[in-house]
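**Student:** My structure is below; once you've seen it, I'll send some questions.
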Amino acid sequence: MSKQTLTVTDNRTGKTYEFPIKDGTINAMDIRNIKVDDNDFGLMSYDPAYQNTASCRSSITYIDGDKGILLYRGYPIEQLAEHSNFVEVAYLLLNGELPGKDQYEKFRHEVTVHTFVHENLKKFMEGFRYDANPMGILIGTLGALGTFYPNAINVNDAGERRLNVIRLIAKMPTIAAWAYRQSMGMPYVYPDNELSLAGNFLAMIKRIAEHRYIPNPKLERALDVLFILHADHEQNCSTSVMRGAGSSLTDPYSAVAAATAALYGPLHGGANAEVLHMLDEIGSRDRIPEFIAKCKEGKARLMGFGHRVYKNFDPRSRIIQKLAHEVFEITGSNPKLDLALEIEKIALQDEYFIKRKLYPNVDFYSGLIYQAMGFPVGMFPVLFAIGRVVGWLAQWQEMLNDKEQKIARPRQIYTGAASRDFVPMNRR
Ligand code: CMC
């Protein structure tokens, strides 16, 4: 076997260095040894937005962006979406293996009995303005939730960690549904623990005056699959925030609130809402070419297209495309779907998108499904967060157990003024 090292010559000094290559990477700290002289700090790598930096070792999710492969703990996303359910997938992501029957029942029971929240949290949520955005409500409430569990700060206590992971997964749908009810000016609906996680969420969203809300099993299953598809996606923006915030050993509620804030942005979890806005802006088929031209001129982005990692196709978007049609059979057809399909067809044949390897991502269809199910656009990233909280927590646990991890603290290249003396205001 060839030697697994990298030899580099520093042309400033003529010195040669040899670094080990492990798992296709060199250790960034090794290059610090490259110095012009003893006073030199040492060489750093410059990588804005971490486009080519592995920040951790992880055994949770594998993505092959070129081949369109997504595995959770080794299991293909297509198989999990077809045969599993969100609670089982949560167990898998958190524990590394699929649960046996008893393990599953215990876990399912736990994430069910913890769905209720303290009444004071309800009062806290009621304090948000009548038209507050549900994602803003979710972020704020998750931070507040941590104040009910002061022991959550003991993140090095495995029992405490596990309890708060269960609480977060269980309470997320309740807070998400109540954020919706708050933004709609509707009374909050308490959890129905006889229902599945997705069914209970739908009941807390939809129930009006009926004694008991029975969700449509197909819509319940579609939502459950959407939660599975969103559960983890390795080191994406919000997960990096979860790890980064968690690396200071803050409590998981604060770290999840931070990750949720990162998810809010239109380039991440907010993208599916942007797809809807874009479809509204385009309006009709005849205006598609005009919008595509704007994209090519760099004046617009085709929302729901492109991915930092998938440069061929997003396997989640194939599952979701099929799901979309199943949902529309129940909810009725949607003119936006036809428009979206037409845009997809045009873009996939267009040189600009082909050359840049821009394909539909998970958000392209998820927004359409959510809309057909009656969710307002402001709820789309909230729905994303219900699934993704599992991934955040699995990654957080992994980070805390990783002896190589420390508080996250990148370096910078300083481009500001050199040291200078303060000038009093009357002399400026
Ligand atoms: N529409 C038009 N042009 C695009 C798009 C798009 N959606 N995405 C990328 N490009 C162009 C971009 O202008 C650039 O062109 P050029 O080389 O001529 O300057 C080239 O493609 C590379 O783009 P980039 O911004 O360097 O790519 P990136 O890997 O940094 O960005 C992305 C990835 C997802 C932020 C971007 O594709 C995008 O903004 N997409 C639209 C928003 C979206 O759908 N986001 C959801 C991401 S998937 C959900 C998740 O996992 O969070």
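The values are calculated or read from the model by the stated rules, or taken from the named source; none is laboratory data. Here the structure is a predicted model, which is why all the values come from computation and not from measurement. Cβ sites come from the backbone with ideal geometry, for glycine too, and all protein chains shown count toward neighbours. What goes into the accessible areas is simple: the full protein's heavy atoms, side chains included, and nothing from ligands, DNA or RNA. Shrake-Rupley method; radii C 1.70, N 1.55, O 1.52, S 1.80 Å.
**Student:** Would you pick out the residues in segment 42-64 that are touching a residue at least 60 places away in the same chain (Cβ under 8 Å) and part of a strand (DSSP E or B)?
**Tutor:** Once the filter is applied, which keeps residues that are touching a residue at least 60 places away in the same chain (Cβ under 8 Å) and part of a strand (DSSP E or B), segment 42-64 yields THR61, TYR62, ILE63.
**Student:** Sticking with this one: Among the residues that make up segment 247-255, is at least one of them surrounded by fewer than 20 Cβ atoms within 10 Å (Cβ to Cβ) and within 11 Å of the ligand (Cβ to nearest atom)?
**Tutor:** no
**Student:** Would you confirm, using the coordinates I've provided, whether ASP338 is modelled with pLDDT under 90 and either among the basic types (Lys, Arg) or open to solvent by 70 Å² or more (accessible area, probe 1.4 Å) (or both)? Quick ask: steps written out before the conclusion?
**Tutor:** On the way: modelled with pLDDT under 90: yes; either among the basic types (Lys, Arg) or open to solvent by 70 Å² or more (accessible area, probe 1.4 Å) (or both): yes.
Answer is yes for this residue.
**Student:** Quick one: which of SER366, SER333, SER317 is surrounded by 14 or more Cβ atoms within 10 Å (Cβ to Cβ), small (Gly, Ala, Ser) and out of contact with any Leu (no Cβ under 8 Å at 6 or more places or on another chain)?
**Tutor:** Numbers: SER366 fails: out of contact with any Leu (no Cβ under 8 Å at 6 or more places or on another chain); SER333 fails: surrounded by 14 or more Cβ atoms within 10 Å (Cβ to Cβ).
It is SER317.
**Student:** Can you find even one residue in segment 200-215 that is among the basic types (Lys, Arg) and within 16 Å of the ligand (Cβ to nearest atom)? Break it down into steps so the answer makes sense when it comes.
**Tutor:** So the first thing to find is which residues in segment 200-215 are among the basic types (Lys, Arg), and the list is 206-207, 212.
Retained after the next criterion (residues that are within 16 Å of the ligand (Cβ to nearest atom)): none.
No.
**Student:** Just checking, how many residues over segment 65-87 are loosely packed, with under 14 Cβ neighbours inside 10 Å and outside any helix (DSSP H, G or I)?
**Tutor:** Of the residues in segment 65-87, the ones loosely packed, with under 14 Cβ neighbours inside 10 Å are 66-67, 74, 79, 82-83.
Now restrict to residues that are outside any helix (DSSP H, G or I): 66-67, 74.
Residues flagged as loosely packed, with under 14 Cβ neighbours inside 10 Å and outside any helix (DSSP H, G or I) within segment 65-87 amount to 3.
**Student:** Among the residues in segment 31-38, are any open to solvent by less than 60 Å² (accessible area, probe 1.4 Å), of a type outside the set (Gly, Ala, Ser) and assigned to a loop (DSSP other than H, G, I, E, B)?
**Tutor:** If we filter segment 31-38 for residues that are open to solvent by less than 60 Å² (accessible area, probe 1.4 Å), which is where we start, we get 31-32, 34.
Filter once more, so that each one left must be of a type outside the set (Gly, Ala, Ser): 31-32, 34.
Filter once more, so that each one left must be assigned to a loop (DSSP other than H, G, I, E, B): 34.
Looking through segment 31-38, at least one residue is open to solvent by less than 60 Å² (accessible area, probe 1.4 Å), of a type outside the set (Gly, Ala, Ser) and assigned to a loop (DSSP other than H, G, I, E, B).
**Student:** Would you confirm whether or not segment 194-206 contains a residue that is surrounded by fewer than 23 Cβ atoms within 10 Å (Cβ to Cβ) and either at pLDDT below 95 or among the charged types (D, E, K, R) (or both)?
**Tutor:** Taking every residue of segment 194-206 in turn, at least one turns out to be surrounded by fewer than 23 Cβ atoms within 10 Å (Cβ to Cβ) and either at pLDDT below 95 or among the charged types (D, E, K, R) (or both).
**Student:** Given the options VAL189, VAL256, name the one that is closer than 24 Å to GLY127 by Cα and in contact (Cβ under 8 Å) with a residue 40 or more places away in the chain. Reasoning before the result, please.
**Tutor:** Values: VAL189 fails: in contact (Cβ under 8 Å) with a residue 40 or more places away in the chain.
Result of the check over VAL189, VAL256: VAL256.
**Student:** If you don't mind, there's one more thing I want to ask. For segment 189-200, what are the residues that are within 12 Å of PHE116 (Cα to Cα) and either in contact with a strand residue (DSSP E or B) (Cβ under 7 Å, 6 or more places away or on another chain) or of a type outside the set (D, E, K, R) (or both)?
**Tutor:** Initial filter on segment 189-200 (within 12 Å of PHE116 (Cα to Cα)): 189-193, 200.
Those that are within 12 Å of PHE116 (Cα to Cα) and either in contact with a strand residue (DSSP E or B) (Cβ under 7 Å, 6 or more places away or on another chain) or of a type outside the set (D, E, K, R) (or both): VAL189, TYR190, PRO191, ASN193, ASN200.
**Student:** Within segment 150-159, can one find any residue that is open to solvent by less than 40 Å² (accessible area, probe 1.4 Å) and out of contact with any helix residue (DSSP H, G or I) (no Cβ under 8 Å at 6 or more places or on another chain)?
**Tutor:** First, pick out the residues of segment 150-159 that are open to solvent by less than 40 Å² (accessible area, probe 1.4 Å): 152, 155.
Those left that are additionally out of contact with any helix residue (DSSP H, G or I) (no Cβ under 8 Å at 6 or more places or on another chain): none.
For segment 150-159, residues open to solvent by less than 40 Å² (accessible area, probe 1.4 Å) and out of contact with any helix residue (DSSP H, G or I) (no Cβ under 8 Å at 6 or more places or on another chain): absent.
**Student:** Give all pairs with beta carbons closer than 7 Å in which a residue from segment 358-387 that is farther than 14 Å from ILE139 by Cα and of a type in the set (S, T, N, Q) meets a residue that is modelled with pLDDT of 90 or more and open to solvent by 10 Å² or more (accessible area, probe 1.4 Å); count only pairs at least 6 apart in sequence or on separate chains.
**Tutor:** Note: pairs meeting the criteria are ASN361/PHE305; ASN361/GLY306.
**Student:** Mind listing whichever residues of segment 256-276 are more than 10 Å from the ligand (Cβ to nearest atom) and not hydrophobic (A, V, I, L, M, F, W, C)?
**Tutor:** Those that are more than 10 Å from the ligand (Cβ to nearest atom) and not hydrophobic (A, V, I, L, M, F, W, C): THR260, TYR264.
**Student:** Could you please tell me which pairs satisfy a Cβ distance under 6 Å, a separation of 6+ or placement on different chains, a first residue in segment 218-240 that is in contact (Cβ under 8 Å) with a residue 40 or more places away in the chain, and a second residue that is open to solvent by 50 Å² or more (accessible area, probe 1.4 Å)?
**Tutor:** Pairs found: LYS218/ILE330.
**Student:** In segment 291-310, what count of residues is obtained for those that are open to solvent by less than 50 Å² (accessible area, probe 1.4 Å), more than 6 Å from the ligand (Cβ to nearest atom) and not in a loop (DSSP other than H, G, I, E, B)?
**Tutor:** Of the residues in that region, 3 qualify.
**Student:** Would you mind listing the helices (runs of 4 or more DSSP H) fully within segment 99-203 where at least 1 residues are over 24 Å from the mean Cα position of the chain (by Cα) and over 27 Å from TYR75 (Cα atoms)?
**Tutor:** Working: elements: 101-113, 119-126, 134-145, 158-184.
Those helices (runs of 4 or more DSSP H) span 101-113, 119-126, 158-184.
**Student:** Could you pull out the residue among PRO315, PRO376 that is touching a strand residue (DSSP E or B) at 6+ places or on another chain (Cβ under 8 Å) and not aromatic (Phe, Trp, Tyr)?
**Tutor:** Values: PRO376 fails: touching a strand residue (DSSP E or B) at 6+ places or on another chain (Cβ under 8 Å).
Going through PRO315, PRO376 in turn, the sole match is PRO315.
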